[in-house]
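Engineer: This is the structure, below, for whatever I ask next.
The values are calculated or read from the model by the stated rules, or taken from the named source; none is laboratory data. Everything numeric here is computed off the predicted structure, so don't read it as measured data. Cβ atoms come from the backbone with ideal geometry, glycine included; neighbour counts cover every protein chain shown.
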Amino acid sequence: MPVAGIASVAGPTLARMTSRPRRTNSARISGPAELLQAVPYLLGFHPSRSLVLVGLHEERLVVTARLDLTDAVLGGVPHAVGAMMRGGSTSFVAIIYDDADDDVDYEELDDEFGPSLAKWDVVYGALRVELRRLDAHLRDALVVSDDRWWSLTCKDFDCCPVEGRPLPDAPSSFTTAAMVEGVVALPSRAALEEMFVPLPDSEREALDPAIADAERTAVQQTIEGQASRWERSIKRALFRAARESDEPGWSGLPDEAVARFGAALAVTALRDAVWLAVDNDRLDGRPFWRDLGRRLPSPYDAAPLFLYGWASWRAGDGALAGMAAERAVASNPEYHAADLLLAALSSGADPRQLPRLRLPRTQTARAS
């Protein structure tokens, strides 16, 4: 079959597409069946009604991206492929996920693959045209439907029977390693999105008085000439809470602390100090940022959602980065830092290749 061994090293992804990094330096995927087993762990969830593009360079996995199948049919392929190539991909494996009872409106085309695969030729044809235009190589195109899979490029019916092959049951070495390392493949993209569902408005808005009190305290500290002391104190508390959230068994914070941190992150200088630490791998704290993002009222939730997204993007997890950034923009359309993150995702920028952030010299002392 066209797909041989791939050394998996994960990379970035695109807005409204998804990617999941491998946590080991290298893990080998051999053949299409193992690749199909690996995809849910590369994405973070089991795809359905999707076009998944696996971008490669010199036998190494660069990025795994997903588009809604309807978007792919309606012309989303050129943008996706172009962004992945800007991120370093030079060859591709395409995988179409589409169960037989799905109601996507395809143009039915006759082709050499037979009537059972004809409806997927629209996407396959668009891929071939776009990759040829960009001088990129399509190594294989696979279809997964009703727990079976086919190769659209293999013409050997002994190797690739017309009725397809069942998806493998036994875990591969790749999926075993992923599970041992704690990488989870959720049942659907919707399950991933549920991570960011905010608490009911009544619970979040109940924090408004505490947030107002925290803001008054900050103003009073400034009036009394204690602004620098207040900033150092709240920054230390933020860093401590973020690091504690990375420990097993972390159970969240009381409402008063959530309100205090929400008010603090609304101060751009404090947000930037945390952003710099996250970008330079001195801080992660994604459980903390997600907890704040779900519990704080709008627009105070925008900053922690953005920080969660940025930490996820630097870690190579574009699925969660895009979801968090979009939530931040939905809460505060003027939150330009989240717009910056979405632009990086959409362009296919590789977070491993981009330089780390640096504050202007005038701000370095305050942020360190």
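Engineer: Every residue in the stretch 134-173 that is over 14 Å from Ala94 (Cβ atoms), aliphatic (A, V, I, L, M) and touching a strand residue (DSSP E or B) at 6+ places or on another chain (Cβ under 7 Å), please.
Structural biologist: Across the stretch 134-173, the qualifying residue is only Leu167.
Engineer: Is it true that some residue in the stretch 146-154 is touching a Phe, Trp or Tyr at 6+ places or on another chain (Cβ under 9 Å) and surrounded by fewer than 14 Cβ atoms within 10 Å (Cβ to Cβ)?
Structural biologist: No; the residues of the stretch 146-154 include none that is touching a Phe, Trp or Tyr at 6+ places or on another chain (Cβ under 9 Å) and surrounded by fewer than 14 Cβ atoms within 10 Å (Cβ to Cβ).
Engineer: Out of (1) exposed (fewer than 13 other Cβ atoms within 10 Å of the Cβ); (2) modelled with pLDDT of 65 or more; (3) in contact with a strand residue (DSSP E or B) (Cβ under 8 Å, 6 or more places away or on another chain), the odd one out for Leu131 is which?
Structural biologist: It is condition (1) that Leu131 fails.
Engineer: On to the next question. Residues in the stretch 64-75: is at least one closer than 19 Å to Ser151 by Cβ, modelled with pLDDT of 85 or more and small (Gly, Ala, Ser)?
Structural biologist: There is no residue in the stretch 64-75 that is closer than 19 Å to Ser151 by Cβ, modelled with pLDDT of 85 or more and small (Gly, Ala, Ser).
Engineer: Still on this model: Does Arg86 meet the test of being surrounded by fewer than 16 Cβ atoms within 10 Å (Cβ to Cβ), basic (Lys, Arg), in the same structural domain as Val123 (by TED's automatic domain parsing) and over 12 Å from Leu127 (Cα atoms)?
Structural biologist: Against the criterion (surrounded by fewer than 16 Cβ atoms within 10 Å (Cβ to Cβ), basic (Lys, Arg), in the same structural domain as Val123 (by TED's automatic domain parsing) and over 12 Å from Leu127 (Cα atoms)), Arg86 qualifies.
Engineer: Now for a separate question. Restricting to the stretch 233-261, name every residue that is loosely packed, with under 13 Cβ neighbours inside 10 Å and over 17 Å from Asp301 (Cα atoms).
Structural biologist: Arg236, Arg240, Glu247, Pro248, Gly249, Ser251
Engineer: Restricting to the stretch 312-362, name every residue that is at pLDDT 85 or above, farther than 16 Å from Asp281 by Cβ and outside any helix (DSSP H, G or I).
Structural biologist: Asn332, Pro333, Glu334, Tyr335, listed by residue number.
Engineer: Taking the conditions exactly as written (modelled with pLDDT of 95 or more, surrounded by fewer than 18 Cβ atoms within 10 Å (Cβ to Cβ) and of a type outside the set (D, E, K, R)), does Ser228 satisfy them or not?
Structural biologist: Judged against the criteria, Ser228 is not a match.
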